[in-house]
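The values are calculated or read from the model by the stated rules, or taken from the named source; none is laboratory data. Nothing here was measured: the structure is a model prediction, and the numbers come from that model. Backbone-built Cβ (ideal geometry, glycine too); neighbour counts: all protein chains shown. Accessible surface areas use protein heavy atoms only, side chains included; no ligands, DNA or RNA. Shrake-Rupley method; radii C 1.70, N 1.55, O 1.52, S 1.80 Å.
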Amino acid sequence: MLFLVGCADSNNAADTHTDKTTGGSGNVAKRIVSLSPTATETLYEIGAGDQVVAVDSFSDVPENAPRRDFSGFNPNPEAVIAEDPDLVIASDDANGLGAALDAVDIELLLLPAATTFEQAYDQIEQVGERTGHADNAEKLVGRMKKEIEATVDSVDSDIRDAGLSYFHEADSTLYSAGDATFIGQAYALFGLKSVAGPGDDYPQLTNEAIIQANPDFIFLADHGDAGGVTEKDVATRPGWNEIAAVKNKQIIPLDPNLASRWGPRLPQLIQDIAAALKAYQQVPVPAQ
């Protein structure tokens, strides 16, 4: 369940938003450990990369980040403390991490999965403030907003107003995402409606329910090199040949990381969705 795990951070799980800072002096951080791939991307994007001494094993962007055998889901407090950080950023206070860091006066900045774009922007600015790069963080947020707005505007309004539907496949067991989830809000920018409904949860759908819903698009967040689901896998599922998205070849593989993080590369995810919609303009739009 890559997408569900990711939003807890690596690759969306809990839609709770309780940013929290504990311990430490509150001064600008000089030695940072990141246990959050989203935070790692943010740190390097705003110019704080030189302050990063270690990151978790899922932090694959940028490639030159100092990765360790750390887990953000089940952190080893002793190993983290051994890096001598003055700031640790994580998406969850798991395995006694917060208490262990507080005991040695190391600050823990908790940045859980963002549930709205504004929360994602707020987290970027928090990281900027704690690392002495507030101006860069503010500029990054401004640039992200402009890029997203321009991308949405680049898609014909007839497509955005057509009431098109989608199935967002989180994993091969057919977990999906409602319209009010973070990823659902990305699709909603283009007027797309989730066949999983308007909620803020990630329900598991049945094969029959998806066929009956007949989505216009299928977005694969479980696509990837390591045994991920392919367009062919989807097209050959029993009964799926009757789905509009399959008939019209609108099965869209997404970068699993882009589909589950909420940091500086969010505009790129929006661009990938827009590209699918622009291609869709080449096939007839269903009558409303």
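Output the Cα-based Rg and Dmax of region 103-184 in Å, rounding Rg to one decimal and Dmax to a whole number.
Values for region 103-184 (Cα only, Rg and Dmax): 17.6, 58 Å.
List the extent of the Cα atoms of region 129-168 along each of their three principal axes, largest first, rounded to whole Å.
Principal extents (Cα only, largest first): 45, 22, 9 Å.
Taking R0 as 22 Å, what FRET efficiency do you get between Lys30 and Lys145 from their Cβ-Cβ distance, rounded to the nearest 0.05?
After rounding, the FRET efficiency stands at 0.15.
What size of dipole, in debye to the nearest 20, comes out for region 29-132 about its Cα centre when the only charges are +1 on Lys and Arg C-beta atoms and -1 on Asp and Glu C-beta atoms?
The dipole of region 29-132 has a size of about 140 debye.
Along the positive direction of the dipole of the chain (beta-carbon charges: Lys, Arg +1; Asp, Glu -1; about the Cα centre), which of Ala82, Tyr44, Phe217 reaches farthest?
Phe217
Can you sort Thr206, Thr116, Thr181, Thr236 by 1.4 Å-probe accessible area, starting with the largest?
In descending accessible area the options line up as Thr236, Thr206, Thr116, Thr181.
Can I get the semi-axes of the chain's equivalent ellipsoid? Compute them from the C-alpha gyration tensor as square roots of 5 times the eigenvalues, in angstrom, largest first.
37, 20, 15
Taking the Cα centre of region 201-254 as the origin, how large is its charge dipole in debye, to the nearest 20, when only Lys and Arg (+1) and Asp and Glu (-1) carry charge on their Cβ atoms?
Magnitude of the dipole: close to 200 debye.
In nanometres, what is the gap between the two model label sites at Asp201 and Ser154, each 7 Å from Cα along Cα-to-Cβ?
Distance between label points: 3.7 nm.
Could you tell me the calculated FRET efficiency between Ala82 and Glu129, based on Cβ-Cβ distance and R0 = 25 angstrom, to the nearest 0.05?
So, using R0 = 25 Å, E works out to roughly 0.40.
Relative contact order for region 92-227 using alpha-carbon pairs under 8 Å, separation at least 6, rounded to a whole percent?
It rounds to 20 percent for region 92-227.
Determine which residues of region 246-282 fall in the zone a paramagnetic label at Ala235 would reach in this model, i.e. backbone nitrogen under 12 Å from the point 7 Å along Cα→Cβ.
Answer for region 246-282: 246-252.
Under 5 Å between amide H atoms, partner at least 5 residues away or on a different chain: which partners does Ile252 have, H built in plane at 1.01 Å?
The list, which skips near neighbours in sequence, is Ile218, Phe219, Leu220.
Could you look at region 36-170 and say what percent of its accessible area is carbon and sulfur, using a 1.4 Å probe and all protein chains?
43
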